[in-house]
Structures are given as C-alpha cells and as structure tokens.
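**Q** Pasting a structure below so you can have a look.
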Amino acid sequence: MLDFTIDPGFQARLDWAAAFVREEVEPLDLLFPHGGDPYDTRNQKARAILRPLRERVREQGLWACHLGPELGGPGYGQVRLALLNEILGRSYWAPTVFGTAAPDTGNAEILAMFGTEEQKSRYLRPLLEGEIVSTFSMTEPQAGADPKEFVCRARRDGEEWVIDGEKWFSSNARYAAFLIVMAVTDPDAPPHRRMSMFIVPAETPGIEIKRNVGTMDEREGLDEGIHAYIRYHQVRVPLDAMLGGPGEGFEVAQARLGGGRVHHAMRTVGKCARAFDMMCERALSRRTQGTVLAEKQAVQQFIADSWVELQQFRLLVLHTAWLIDTQPHGAARTQIAMCKVQTAKVLHDIVQRAVHLHGSLGTTGELPLATWWMAAPNLALADGPTEVHRTTIAKQLLKNYRPAEGLFPSEHIPPKLEAARKRYAHIIEDDSLSGRVGA
C-alpha cells in the first residue's frame, strides 16, 4: 500500500527546519560563500555564528539524523531523512548546521561500524559533535574512482602499516583532523579483495598536500580549492589503523555510499525547487515584447517541463528511500543508481532554464544560479561517474529477461496471432456469430 502522508509530529519538525534554513542558515551562504568555509574550523567568526544555530537544531532533535539508533542517532529512516534533506538542499551551509555534511557523515558511519574504542573516542565523538572534519581519500590521479586501477599501496612492516602512493580529489584534507585512506594491501588478490581501508591522523609524518585543486567556481589564484592532490610518502600507522579486515576496503567503502546518494539526490530536489521558485518569480516580474515572460509559450514550456521533471525525480528518490527502509539490504541497488544518474541531469536542466530566463543576470555572481549550474558536472562524477551507474542499472534490469527462442522476437505477431486463433477457435469458427476477425 502506498501512503504519502507524513506523521504530523515530524511534519512540524520539517516546517520548523524549512523556516530555520530560510531565515537563519541561508544568510551564511552569503557571509561565508567559498567551498571550504563550512569545513574551516579555524574561522572563529563563522564558528561563532554556527555554534548557537547547531544548538537550536539539537533542541529540535534534528542533529546528525543520518545515524541509526545502533550508532547513537534518532533512527528516522531514509524516507524521513529524504524529506529533511530536501530542505537542507536549499543552502550550502545547511548540512554543516544540521551535522549531516559529507564526507563526515559517511566517515562517521565507517568509524562507528569498524573503528576501535580508542578511535571512536578520539575521532568519532568530536566528528559527531561537529568539532572536527574529515577526509575520504580514495580516488587516484591515474584511476579516478575505479578501485581496480588503484596503485597506492600499504605494506606491513612489523607492527605498522606503511602507506605509499598518491590520491586525487581528497575533499577537505586541508581542514581535516584525520583521513580515511583506501590502499592496495594484496595486489595479487581478486580485484575487489585487493584493498583495505585505514584511518590516518592528519598530523602523521609523510602526508604531503601537493596542491588544493580548485573546481569551476573556486579560484586557484586565491587558494580557494578544497580538493587535495595528496602524496603519501612512507606514512606509518599502527596495525589497528585498518578499518575492517585485510582486503575488505571495497566493502567498507560501499557501506557508506548508498544512503549518501539518496541524501545528495534529495538535496538536489531542494536546490532545484529553489531554482524553480526563482524561475516562476522571474516569469511574472519581467516584461518583454509587450507582455510578461509568463505569457510566452516558450517560458510556459520551461516551467511545465521543469516541474514535471522535478516531481518525477522527487518521487523516484522517495521511492528509493522507502525501499531502503522496508526491503532487505541491497534491494534498492538499482533505484539508488537511478537516483545517481538523474541527480546531475535534473539539476543541470532546471537550473539551466532558470539561468536562461534571468538573462545575463543569471550568469553573474549576483544570483546563486551560476554556482548551482557549475555544480552539475561534479554531481555527475561524485561517487562514481554517471556512466558507471547506467551500466549498473542496465545489468540489473537485464537479469529479469531471457533471450527470445527461435529467430524472431517473442512479440512477433504471426505466431501470436496463430496462438490466439487456436485459443478462441470455437468462437471464431462459429458461423452463427457475426463479426470480422483480423487477418
């Protein structure tokens, strides 16, 4: 049974969150607009504003909602989290204010599941409290996100692991208290058993940030980049720095990704909804050729197409969240991949229309649209390229089908027509009945 109702008590919290994000959090996007600002724990002015906002979130029971009860969280489930993330998607700072910023959310889950008690005390507690930030250091310059091509190695030397190699696009490393690093520990093992995962304190000797790479909306000349190109040179960590067992790095990585993709998708819904609101306001406010834009058929098509696409995507994400909540682990794999594929496309298409409708103003820094539009390529690559997820979808769907028997497709009309004639021959051949049967 499909039920689209929301518990009144939780709806009240969502209403509070919507007003709170709009009135109290969105101003942070203007005061501290750079990509690294929410993660820079050394910025005392930003933290002075952030701390009381976080306290108000805690008072509402909405802090770090991504964690289940077994990990010390409220256990809201993915549907409720999706509805909350739809609201958080309106603001770049909102996930930080609500304790759900990536990659810290996934790293917290890894530590909770695989960390030692000492590691949880040293890193997990302050991470959940928002006192520190972290890095997930997986992709490599020659391999991208394909673990089968990784060459960064970790070898055992007595009572230590020694990590050597390079990692690419390790987000927030310049601010992180620790890094979670995926490295090859058994190069001769099958591809998905070659790697292991390690927790590495940021102050460990041998970690070199070669440069912090700026993306489309980050100016390298002003050192705004937050995605680090890192060289690990003879980095030594104790044996218990391994998270999970030897060769289990792929499983550890997968444990943090599924729910996170749903969260990113629903935040994109919220961002697109904000862009849609801007589009409609502009259509009713701006005149050209004697009428407001809203009366132009092309503009009406922009608005209709955007709303249809947004509602389709929103329902896909909510259905995926529902599957995660109600079905066995892994049942939503195809739907999660579908969400990932559509996230960048929906954001690009809706924001593109909003930019176009605002004319030259839409391309400037005086509106948020240009920055949102530039995020689309990153979304198409983060957590694996869109093409990889399309392949996953196709492979999963094709498992439900079989090849046709014989030379022709199963929907080939001649044999089906013959079978239909045989099934109803007693009627078709009854001359006392009138009517014409197809040839």
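**Q** Could you please find all residues in the stretch 158-181 being assigned to a loop (DSSP other than H, G, I, E, B), within 23 Å of Arg42 (Cβ to Cβ) and not basic (Lys, Arg)?
**A** Listed by number, the residues that qualify are Asn172, Ala173, Tyr175, Ala176, Ala177.
**Q** Still on this structure, please answer the following. Return only the number of the condition from (1) open to solvent by 70 Å² or more (accessible area, probe 1.4 Å); (2) of a type in the set (Val, Ile, Thr); (3) in contact (Cβ under 8 Å) with a residue 24 or more places away in the chain that Thr371 does not satisfy.
**A** (1)
**Q** Being open to solvent by 60 Å² or more (accessible area, probe 1.4 Å) and in contact (Cβ under 8 Å) with a residue 40 or more places away in the chain narrows it down to one of Arg13, Arg58, Arg51, so name that one.
**A** Going through Arg13, Arg58, Arg51 in turn, the sole match is Arg13.
**Q** Next question. Output the residues belonging to the stretch 383-392 that are open to solvent by less than 50 Å² (accessible area, probe 1.4 Å) and not in a helix (DSSP H, G or I).
**A** Within the stretch 383-392, Gly384, Pro385 qualify.
**Q** Being open to solvent by 100 Å² or more (accessible area, probe 1.4 Å) and closer than 24 Å to Ala253 by Cβ, is that true of even one residue in the stretch 399-420?
**A** Yes, the stretch 399-420 has at least one match.
Yes or no, residue by residue, for (1) part of a helix (DSSP H, G or I); (2) closer than 18 Å to Lys120 by Cβ; (3) touching a residue at least 12 places away in the same chain (Cβ under 8 Å):
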{"residue": "Met216", "(1), (2), (3)": "no, no, yes"}
{"residue": "Gly221", "(1), (2), (3)": "yes, no, no"}
{"residue": "Gly225", "(1), (2), (3)": "no, no, yes"}
{"residue": "Ile230", "(1), (2), (3)": "no, no, yes"}
{"residue": "His233", "(1), (2), (3)": "no, no, yes"}
{"residue": "Arg236", "(1), (2), (3)": "no, no, yes"}
{"residue": "Gly247", "(1), (2), (3)": "no, no, yes"}
{"residue": "Phe250", "(1), (2), (3)": "yes, no, yes"}
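**Q** A follow-up question, please. Could you please give the count of residues in the stretch 117-157 that are of a type in the set (Gly, Ala, Ser), over 18 Å from Thr204 (Cα atoms) and either assigned to a helix (DSSP H, G or I) or modelled with pLDDT of 95 or more (or both)? I'd like the intermediate steps shown before the answer.
**A** First, the residues of the stretch 117-157 that are of a type in the set (Gly, Ala, Ser): 121, 130, 134, 137, 143-145, 154.
Retained after the next criterion (residues that are over 18 Å from Thr204 (Cα atoms)): 121, 130, 143-145.
Going one step further and asking which of them are either assigned to a helix (DSSP H, G or I) or modelled with pLDDT of 95 or more (or both), we end up with 121.
Total meeting the criteria: 1.
**Q** Checking Cys339 against (1) open to solvent by less than 40 Å² (accessible area, probe 1.4 Å); (2) over 30 Å from Ala253 (Cβ atoms), only one condition comes out false. Which one?
**A** Failed condition: (2).
**Q** A follow-up question, please. Residue under question is Arg421, and the condition is that it be modelled with pLDDT under 95 and of a type in the set (Lys, Arg); does it hold?
**A** Answer is yes for this residue.
**Q** Check Asp146 against each of (1) without any contact (Cβ under 8 Å) to a residue 12 or more places away in the chain; (2) buried (at least 17 other Cβ atoms within 10 Å of the Cβ) and name the one condition it does not meet.
**A** If we test Asp146 against (1) without any contact (Cβ under 8 Å) to a residue 12 or more places away in the chain; (2) buried (at least 17 other Cβ atoms within 10 Å of the Cβ), just (2) comes out false.
**Q** Further, regarding this structure: Tell me the residue from Ser134, Ser171 that is open to solvent by 20 Å² or more (accessible area, probe 1.4 Å), of a type in the set (Gly, Ala, Ser), under 22 Å from Glu251 (Cα atoms) and under 23 Å from the mean Cα position of the chain (by Cα), please.
**A** When all the criteria are applied, what remains is Ser171.
**Q** Give the residue that is nearest to the chain's Cα centre (by Cα), with candidates limited to residues of the stretch 91-115 that are under 16 Å from Gly249 (Cα atoms) and open to solvent by 10 Å² or more (accessible area, probe 1.4 Å). Show your work before the answer.
**A** If we filter the stretch 91-115 for residues that are under 16 Å from Gly249 (Cα atoms), which is where we start, we get 106-115.
Right, trim to open to solvent by 10 Å² or more (accessible area, probe 1.4 Å) and you get 109, 112-115.
On the way: Glu109: 15, Ala112: 20, Met113: 20, Phe114: 22, Gly115: 24 Å.
Restricting to residues being under 16 Å from Gly249 (Cα atoms) and open to solvent by 10 Å² or more (accessible area, probe 1.4 Å), the top hit is Glu109.
**Q** Follow-up question, since we're still on this one. Filter the stretch 244-270 down to residues that are under 13 Å from the mean Cα position of the chain (by Cα) and of a type in the set (D, E, K, R) and give me whichever is surrounded by the most Cβ atoms within 10 Å (Cβ to Cβ).
**A** Arg267
**Q** Can we say Thr41 is of a type in the set (Val, Ile, Thr), within 25 Å of Phe136 (Cα to Cα) and assigned to a helix (DSSP H, G or I)?
**A** No; evaluated as a whole, the condition is false for this residue.
**Q** When you go through (1) over 15 Å from Pro246 (Cβ atoms); (2) under 25 Å from the mean Cα position of the chain (by Cα) one by one for Met197, which number turns out not to apply?
**A** Here Met197 clears every test but (1).
**Q** Turning to a different aspect of this structure: Report whether or not Phe276 is farther than 17 Å from Gly77 by Cα and in contact with a His (Cβ under 8 Å, 6 or more places away or on another chain).
**A** So Phe276 does not fit the description; no.
**Q** Of everything in the stretch 73-97 that's touching a Leu at 6+ places or on another chain (Cβ under 8 Å), hydrophobic (A, V, I, L, M, F, W, C) and assigned to a helix (DSSP H, G or I), which residue is farthest from Gly35 (Cα to Cα)?
**A** Val79
**Q** From Ala202, Ala177, Ala189, Ala183, grab the single residue that is in contact with a helix residue (DSSP H, G or I) (Cβ under 8 Å, 6 or more places away or on another chain) and surrounded by fewer than 21 Cβ atoms within 10 Å (Cβ to Cβ).
**A** Being in contact with a helix residue (DSSP H, G or I) (Cβ under 8 Å, 6 or more places away or on another chain) and surrounded by fewer than 21 Cβ atoms within 10 Å (Cβ to Cβ) holds for just one of Ala202, Ala177, Ala189, Ala183, which is Ala177.
Residue-wise test of (1) assigned to a helix (DSSP H, G or I); (2) modelled with pLDDT of 95 or more; (3) open to solvent by 40 Å² or more (accessible area, probe 1.4 Å); (4) within 19 Å of Ala273 (Cα to Cα).
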| residue | (1), (2), (3), (4) |
| --- | --- |
| Glu309 | yes, yes, yes, yes |
| Val317 | yes, yes, no, yes |
| Ile324 | yes, no, yes, no |
| Leu347 | yes, yes, no, yes |
| Val351 | yes, yes, no, yes |
| Ala354 | yes, yes, no, yes |
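**Q** Go through the stretch 214-239 and give me each residue that's surrounded by fewer than 16 Cβ atoms within 10 Å (Cβ to Cβ) and modelled with pLDDT under 95.
**A** Across the stretch 214-239, the qualifying residues are Met216, Arg219, Glu220, Gly221, Leu222, Asp223.
The values are calculated or read from the model by the stated rules, or taken from the named source; none is laboratory data. In this text the structure is predicted, and so the values were computed from the model without any measurement. Backbone-built Cβ (ideal geometry, glycine too); neighbour counts: all protein chains shown. Note: accessible area is taken over every heavy atom of the protein model, side chains too, but ligands, DNA and RNA are not part of it. Shrake-Rupley method; radii C 1.70, N 1.55, O 1.52, S 1.80 Å.
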